[in-house]
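Visitor: Quick one: structure below, then a few questions.
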Amino acid sequence: MQTSVNAQFHQARSATPTPIFTRQTILNNPGFGKHYSDHMVAIDWDVSQGWHDHRAIPYAPLTLDPASLVLHYAQAVFEGLKAYQHPDGSIWTFRPELNAQRFINSAERLGLPELPQDLFVQSLKELVQLDKEWVPNTPESSLYFRPFMIANETFLGVRGADKVAYYVIGSPAGPYFASGVSPVPIWVSTQRTRAAKGGTGYAKCAGNYAGSLAPLNEARRNGCPQVLFLDAEHGQYLEELGGMNIFVVLKNGTLVTPALSDSILPGVTRASVIALARASGHDVQERLVSLNEVRDGLASGQVTEIFACGTAALIFPINALKSDQFNYRLDAQAAGPITLSLRKQLIDIQYGLVPDTNKWMVRLA
Ligand SMILES: *Cc1c(COP(=O)(O)O)cnc(C)c1O
């Protein structure tokens, strides 16, 4: 295996960076995924050379041959994590080694090569070195990193690619809940599933998202911003949302979340919520959770809070599970206390407002 500790990156600064005034206007109200920083990282790989041509270069469109494998057979994986500015101006990210390992696992499932963990983390540092000014310093804002790997070999035959490329782009992100953290109903996809046993559900791959978009459109037509998928075999057990894991809080303070399987994405936020909840004395159960259990728990008052979690929204409070056949509601107008407490604990750690006793933060600049 190649070692890549401190790989040498070729650095080329943009000759036409975004004017400061324009950048400030963007950073004051970045939204999500709409704007991009001035640079990007690129590394090539092929069977004979391995990873090579490491570079941090001006953000620019890619040139892809129309016969590139990725465009036809969806050989693409990605990650999502954030850079946070701390009060002293230093820039940090959250548990990047977990994203790096997941990227390796996703790549393996899709027949893509392994990008070493330390090279993954270094690639984030290389981007921040050039685009530090793109990390917002306003509350709950961040620079969202989107590392991704695609098969860019020109070939229409069917097999794993002999030539791929890795990129990292950065996109400033504002607070997910601009007008307060309030709970919303989510849509349960009763007919269509996201992942099955033996499939790619645990991999963060482009194709999983493609398959979740028609159900997401259905959710939106029904007034729900997100969709919850059930297990493919029985259509009974909660799995996760299109891009977030789910937790149910019981009256006695116990947290319940679907146990990981090969059809559930192992979220970094999920793992961190479990650790924080256990550290503050909650029992956390990772097990099968049926829709009927949640229905009955909502009816009896045993289920007191429901939330989803992921890097983009962090903690996402839920007050109803709906479909065209049912509407299981939580009698709560506001997010619950355990949901809000976990959210605050995570934010305080990520933004450097409390000591990082778990050593979860990694400094980028
Ligand atoms: C990325 C993702 C999550 C959340 O993972 P985090 O590491 O917490 O951001 C959950 N489910 C799916 C399907 C995802 O793609």
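Only the coordinates and a few stated rules stand behind these numbers; no lab work does. As the structure is a prediction and not an experimental result, all values here were calculated from the model. Reconstructed Cβ throughout: ideal geometry from the backbone, glycine too, with neighbour counts over all protein chains shown.
Visitor: List the residues whose amide H sits under 5 Å from the amide H of residue 236, counting only those 5 or more places along or on another chain, with H placed 1.01 Å from N in the peptide plane.
Guide: The list, which skips near neighbours in sequence, is 231.
Visitor: Farthest toward the dipole's positive end in region 107-264, which of 111, 127, 178, given Cβ charges of +1 (Lys, Arg) and -1 (Asp, Glu) about the Cα centre?
Guide: The listed residue farthest towards the positive side: 178.
Visitor: Run the quick spin-label model on residue 179 and residue 101: label points 7 Å from Cα toward the beta carbon, then report their separation in nm to one decimal.
Guide: Label-label distance for residue 179 and residue 101, simple model: 4.2 nm.
Visitor: Read phi for every residue in region 235-250 and hand back ³J(HN,Hα) as whole Hz from Karplus 6.51 cos²θ - 1.76 cosθ + 1.60, θ = phi - 60°, with x for Gly and Pro.
Guide: Each residue of region 235-250 in turn: x, 10, 9, 5, 10, 6, 7, x, x, 8, 8, 10, 10, 10, 9, 9 Hz.
Visitor: Region 114-154 to region 284-341: how many Å between their Cα centroids?
Guide: That distance is 33 Å.
Visitor: Any of 125/344; 125/359; 82/344; 34/322; 251/359 with alpha carbons more than 20 Å apart? Name them for me. List each step's numbers first, then the result.
Guide: Working: 125/344 26 Å; 125/359 18 Å; 82/344 17 Å; 34/322 30 Å; 251/359 31 Å.
Pairs exceeding the cut-off: 125/344; 34/322; 251/359.
Visitor: With only Lys, Arg, Asp and Glu charged, each at its Cβ (+1 for the first two, -1 for the last two), find how big the charge dipole of the chain is about the Cα centre; round to the nearest 20 debye.
Guide: On the way: 30 positive and 32 negative charges, 117 e Å.
Dipole of the chain, to the nearest 20 debye: 560 debye.
Visitor: Once every DSSP H run of n ≥ 4 in the chain is given -39500 (n - 2.57) and the sum is divided by its residues, what mean residue ellipticity at 222 nm do you get, rounded to the nearest 500 deg cm²/dmol?
Guide: Value at 222 nm, helices only, nearest 500: -8000 deg cm²/dmol.
Visitor: So who's got an amide H within less than 5 Å of the one on residue 264, skipping anything under 5 residues away but keeping other chains? H placed 1.01 Å off N, in plane.
Guide: Under 5 Å from the amide H of residue 264: 202.
Visitor: Shifting gears a bit: So if I take the centroid of the Cα atoms in region 17-37 and the same for region 42-70, what is the distance between those two points in Å?
Guide: 26
Visitor: At a Förster distance of 56 Å, what's the computed FRET efficiency of residue 326 paired with residue 28, Cβ-Cβ distance as r, to 0.05? Write out the running numbers ahead of the final one.
Guide: On the way: r = 42 Å, r/R0 = 0.75.
E(calc), rounded to 0.05, equals 0.85.
Visitor: With +1 on each Lys and Arg Cβ and -1 on each Asp and Glu Cβ, and nothing else charged, work out how big the dipole of region 10-173 is about its Cα centre, in Debye to the nearest 20. Display every interim value, and only then the final one.
Guide: Numbers: 13 positive and 17 negative charges, 75 e Å.
Result for region 10-173 is approximately 360 debye, rounded to the nearest 20.
Visitor: Obtain the nm distance between the two label points defined at residue 334 and residue 118 by a simple spin-label model: each point lies 7 Å from its Cα along the Cα-to-C-beta direction.
Guide: The two pseudo-label positions are separated by 4.9 nm.
Visitor: OK, next. Looking at the calculated P(r) for the chain, what percent of the C-alpha pair distances fall above 27 Å?
Guide: Values: 33057 of 66430 pairs.
Roughly 50 percent, rounded to a whole number.
Visitor: Compute the longest continuous run of the chain that contains no exposed trypsin sites (Lys or Arg not before Pro); treat a site as exposed when its DSSP state is not H, G, I, E or B and it has at most 13 other Cβ atoms within 10 Å. Mind showing how you got there, number by number?
Guide: Values: sites that count: 13, 34, 159, 197, 251, 359.
Longest run free of exposed loop sites: 35-158.
Visitor: Next question, about the same structure. Modelling each spin label as a point 7 Å along the Cα-to-Cβ direction, I'd like the residue 191/residue 6 distance in nm, to one decimal.
Guide: 5.9
Visitor: Okay, next question. Taking the alpha carbon gyration tensor of region 66-216, what are the square roots of 5 times its eigenvalues, largest first, to the nearest whole Å? Walk me through the numbers before you get to the answer.
Guide: Values: eigenvalues 170, 108, 34 Å².
Values for region 66-216, descending: 29, 23, 13 Å.
Visitor: Rounded to a whole number of µm²/s, how large is the Stokes-Einstein D of region 184-350 at 4 °C and 1.567 mPa s, given Rh as the Kirkwood radius over C-alpha pairs? Write out the running numbers ahead of the final one.
Guide: Details: Rh = 15.8 Å.
For these conditions, the coefficient is 82 µm²/s.
Visitor: Separate question: Find out how many positive minus negative residues lie around residue 181, taking Lys and Arg as positive, Asp and Glu as negative, among other residues whose Cβ is under 11 Å from that of residue 181.
Guide: Details: positive: 343, 344; negative: 140.
Every neighbour counted, the sum reads +1.
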